[in-house]
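Structure first, commentary second.
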Amino acid sequence: MTAALSNFVAAYGLVAVFVLMVFESCGFPFPSEVIMPTAGLLAATGHLNLYAAILAGALANLVGSLIAYGVAARFGEPLLLGPGRYIGIRRHHLELADGWFRRWGLWAVFIGRVLPVIRTYISFPAGLAHIDLARFSILTFAGALPWCAFLALIGYVLGRNYDRISRPIETAAVALAALVALVVIVWYLRGREPRGGKA
(Lines give C-alpha, C1' and ligand atoms only; values in the text may rest on other atoms or scores of the structure.)
Protein backbone atom coordinates (compact mmCIF):
# COMPACT_ATOMS: atom_id res chain seq x y z
CA MET A 1 0.00 0.00 0.00
CA THR A 2 2.75 2.46 0.97
CA ALA A 3 4.75 1.81 -2.19
CA ALA A 4 1.64 2.04 -4.38
CA LEU A 5 0.61 5.40 -2.88
CA SER A 6 4.12 6.80 -3.22
CA ASN A 7 4.36 5.66 -6.84
CA PHE A 8 0.95 7.17 -7.62
CA VAL A 9 2.00 10.54 -6.20
CA ALA A 10 5.32 10.36 -8.07
CA ALA A 11 3.52 9.60 -11.34
CA TYR A 12 0.66 12.12 -11.17
CA GLY A 13 1.96 14.87 -8.90
CA LEU A 14 -0.47 17.40 -7.47
CA VAL A 15 -3.48 15.62 -8.97
CA ALA A 16 -2.56 12.47 -7.06
CA VAL A 17 -1.99 14.43 -3.85
CA PHE A 18 -5.40 16.04 -4.16
CA VAL A 19 -7.30 12.84 -5.05
CA LEU A 20 -5.66 10.70 -2.37
CA MET A 21 -6.12 13.31 0.36
CA VAL A 22 -9.80 13.66 -0.58
CA PHE A 23 -10.25 9.91 -0.19
CA GLU A 24 -8.27 9.94 3.06
CA SER A 25 -10.66 12.50 4.54
CA CYS A 26 -13.63 10.38 3.45
CA GLY A 27 -12.43 7.48 5.61
CA PHE A 28 -10.47 5.48 3.03
CA PRO A 29 -7.26 3.91 4.40
CA PHE A 30 -4.91 6.16 2.44
CA PRO A 31 -2.57 7.59 5.11
CA SER A 32 -1.58 11.23 4.78
CA GLU A 33 1.61 10.20 6.61
CA VAL A 34 2.69 8.60 3.32
CA ILE A 35 1.09 10.94 0.78
CA MET A 36 2.35 14.30 2.04
CA PRO A 37 5.97 13.30 2.83
CA THR A 38 6.18 11.81 -0.67
CA ALA A 39 4.97 15.13 -2.06
CA GLY A 40 7.61 16.92 0.02
CA LEU A 41 10.32 14.59 -1.26
CA LEU A 42 9.25 15.28 -4.85
CA ALA A 43 9.36 19.01 -4.11
CA ALA A 44 12.92 18.65 -2.80
CA THR A 45 13.96 17.00 -6.07
CA GLY A 46 12.28 19.68 -8.18
CA HIS A 47 9.30 17.66 -9.38
CA LEU A 48 6.65 19.57 -7.39
CA ASN A 49 6.19 22.97 -5.85
CA LEU A 50 6.24 22.57 -2.07
CA TYR A 51 3.67 25.29 -1.35
CA ALA A 52 1.34 24.00 -4.06
CA ALA A 53 1.57 20.48 -2.61
CA ILE A 54 0.73 21.72 0.90
CA LEU A 55 -2.20 23.77 -0.36
CA ALA A 56 -3.46 20.89 -2.49
CA GLY A 57 -3.36 18.57 0.52
CA ALA A 58 -5.21 21.01 2.78
CA LEU A 59 -7.88 21.82 0.19
CA ALA A 60 -8.35 18.14 -0.53
CA ASN A 61 -8.82 17.50 3.18
CA LEU A 62 -11.51 20.15 3.20
CA VAL A 63 -13.30 18.67 0.18
CA GLY A 64 -13.12 15.14 1.57
CA SER A 65 -14.30 16.30 4.97
CA LEU A 66 -17.30 18.07 3.44
CA ILE A 67 -18.19 14.87 1.58
CA ALA A 68 -17.91 12.84 4.79
CA TYR A 69 -19.92 15.46 6.69
CA GLY A 70 -22.66 15.39 4.02
CA VAL A 71 -22.84 11.60 3.92
CA ALA A 72 -23.12 11.38 7.71
CA ALA A 73 -25.71 14.18 7.87
CA ARG A 74 -27.84 12.67 5.11
CA PHE A 75 -27.60 8.92 5.70
CA GLY A 76 -26.31 8.51 9.27
CA GLU A 77 -24.73 5.46 10.88
CA PRO A 78 -26.60 2.82 8.81
CA LEU A 79 -24.57 3.81 5.75
CA LEU A 80 -21.32 4.41 7.63
CA LEU A 81 -21.40 1.09 9.44
CA GLY A 82 -23.06 -0.79 6.57
CA PRO A 83 -21.41 -0.19 3.19
CA GLY A 84 -18.82 1.95 4.98
CA ARG A 85 -17.21 -1.14 6.44
CA TYR A 86 -15.88 -2.01 2.98
CA ILE A 87 -13.58 1.01 3.06
CA GLY A 88 -12.44 0.36 6.61
CA ILE A 89 -14.92 2.35 8.71
CA ARG A 90 -15.54 0.60 12.02
CA ARG A 91 -17.75 1.41 14.98
CA HIS A 92 -14.75 2.01 17.24
CA HIS A 93 -13.51 4.65 14.77
CA LEU A 94 -16.79 6.51 15.06
CA GLU A 95 -16.92 6.08 18.82
CA LEU A 96 -13.40 7.45 19.19
CA ALA A 97 -14.14 10.47 17.02
CA ASP A 98 -17.54 10.98 18.64
CA GLY A 99 -16.03 10.92 22.13
CA TRP A 100 -13.46 13.49 21.07
CA PHE A 101 -16.17 15.62 19.46
CA ARG A 102 -18.46 15.48 22.50
CA ARG A 103 -15.63 16.49 24.79
CA TRP A 104 -14.28 19.41 22.76
CA GLY A 105 -17.19 20.45 20.56
CA LEU A 106 -16.28 22.50 17.51
CA TRP A 107 -12.65 22.70 18.61
CA ALA A 108 -12.47 18.94 18.10
CA VAL A 109 -12.69 19.60 14.37
CA PHE A 110 -9.59 21.82 14.50
CA ILE A 111 -7.53 19.83 17.02
CA GLY A 112 -8.59 16.48 15.59
CA ARG A 113 -7.02 17.38 12.24
CA VAL A 114 -3.54 16.89 13.68
CA LEU A 115 -4.26 13.61 15.46
CA PRO A 116 -3.85 10.26 13.66
CA VAL A 117 -7.05 8.21 13.22
CA ILE A 118 -9.25 10.91 14.77
CA ARG A 119 -8.46 13.32 11.92
CA THR A 120 -9.81 10.84 9.37
CA TYR A 121 -13.13 10.23 11.11
CA ILE A 122 -13.94 13.48 12.94
CA SER A 123 -16.16 14.68 10.06
CA PHE A 124 -18.67 11.87 10.62
CA PRO A 125 -19.83 12.83 14.15
CA ALA A 126 -19.77 16.47 13.05
CA GLY A 127 -22.16 15.59 10.24
CA LEU A 128 -24.34 13.48 12.50
CA ALA A 129 -24.62 16.46 14.87
CA HIS A 130 -25.31 18.86 11.97
CA ILE A 131 -22.91 21.47 13.33
CA ASP A 132 -22.63 24.81 11.54
CA LEU A 133 -21.17 24.07 8.11
CA ALA A 134 -19.30 27.35 7.71
CA ARG A 135 -17.48 27.03 11.01
CA PHE A 136 -16.83 23.35 10.32
CA SER A 137 -15.21 24.26 6.99
CA ILE A 138 -13.04 27.01 8.48
CA LEU A 139 -11.80 24.87 11.36
CA THR A 140 -11.21 21.90 9.06
CA PHE A 141 -9.01 23.89 6.68
CA ALA A 142 -7.24 25.67 9.56
CA GLY A 143 -6.37 22.32 11.13
CA ALA A 144 -5.51 20.52 7.89
CA LEU A 145 -3.08 23.18 6.67
CA PRO A 146 -0.41 22.84 9.42
CA TRP A 147 -0.76 19.03 9.36
CA CYS A 148 -0.12 18.88 5.61
CA ALA A 149 2.70 21.43 5.90
CA PHE A 150 4.39 19.46 8.69
CA LEU A 151 4.31 16.17 6.81
CA ALA A 152 5.38 17.72 3.51
CA LEU A 153 8.30 19.49 5.22
CA ILE A 154 9.49 16.17 6.66
CA GLY A 155 9.73 14.73 3.17
CA TYR A 156 11.29 17.95 1.86
CA VAL A 157 14.01 18.02 4.53
CA LEU A 158 14.80 14.35 4.04
CA GLY A 159 15.04 14.87 0.30
CA ARG A 160 17.33 17.90 0.65
CA ASN A 161 19.64 16.04 3.05
CA TYR A 162 19.52 12.64 1.42
CA ASP A 163 23.20 12.65 0.42
CA ARG A 164 24.18 13.56 3.97
CA ILE A 165 22.11 10.89 5.72
CA SER A 166 22.23 8.11 3.14
CA ARG A 167 25.87 7.14 3.82
CA PRO A 168 25.41 6.55 7.60
CA ILE A 169 22.24 4.59 6.88
CA GLU A 170 24.00 2.45 4.29
CA THR A 171 26.96 1.89 6.65
CA ALA A 172 24.63 0.82 9.46
CA ALA A 173 22.76 -1.52 7.11
CA VAL A 174 26.02 -3.18 5.98
CA ALA A 175 27.20 -3.56 9.58
CA LEU A 176 23.87 -5.09 10.59
CA ALA A 177 23.94 -7.50 7.65
CA ALA A 178 27.49 -8.56 8.55
CA LEU A 179 26.47 -9.14 12.17
CA VAL A 180 23.49 -11.25 11.13
CA ALA A 181 25.69 -13.26 8.75
CA LEU A 182 28.24 -13.85 11.54
CA VAL A 183 25.54 -15.06 13.93
CA VAL A 184 24.16 -17.44 11.29
CA ILE A 185 27.65 -18.85 10.54
CA VAL A 186 28.43 -19.38 14.23
CA TRP A 187 25.04 -21.04 14.78
CA TYR A 188 25.62 -23.30 11.74
CA LEU A 189 29.15 -24.33 12.78
CA ARG A 190 28.11 -25.06 16.36
CA GLY A 191 25.31 -27.24 15.06
CA ARG A 192 27.82 -29.31 13.06
CA GLU A 193 30.18 -29.92 16.00
CA PRO A 194 30.25 -33.62 16.99
CA ARG A 195 28.56 -34.23 20.28
CA GLY A 196 30.72 -35.88 22.92
CA GLY A 197 29.57 -39.35 23.85
CA LYS A 198 30.17 -41.57 26.88
CA ALA A 199 33.50 -43.47 26.92
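The values are calculated or read from the model by the stated rules, or taken from the named source; none is laboratory data. None of these values were measured; they are calculated from a predicted model. Methodologically, a virtual Cβ is constructed for each residue, glycine included, from the backbone with ideal geometry; neighbour enumeration extends over all protein chains shown. Protein only, heavy atoms only, side chains kept; ligands, DNA and RNA dropped before computing areas. Shrake-Rupley method; radii C 1.70, N 1.55, O 1.52, S 1.80 Å.
Each label point was placed 7 Å from the Cα along the Cα-to-Cβ direction; for residue 133 and residue 117 their separation is 3.1 nm. Tell me whether the stretch 112-152 comes out rounded, prolate or oblate; compute the Cα gyration tensor, take square roots of the eigenvalues as a ≥ b ≥ c, and use a/c under 1.5 as the rounded threshold. Note, shape of the stretch 112-152 comes out oblate.
Keeping every protein chain in place, order 104, 147 by accessible area at 1.4 Å, biggest value first, i.e. largest first.
Working: 104 110, 147 25 Å².
Per-residue accessible area, sorted high to low, gives 104, 147.
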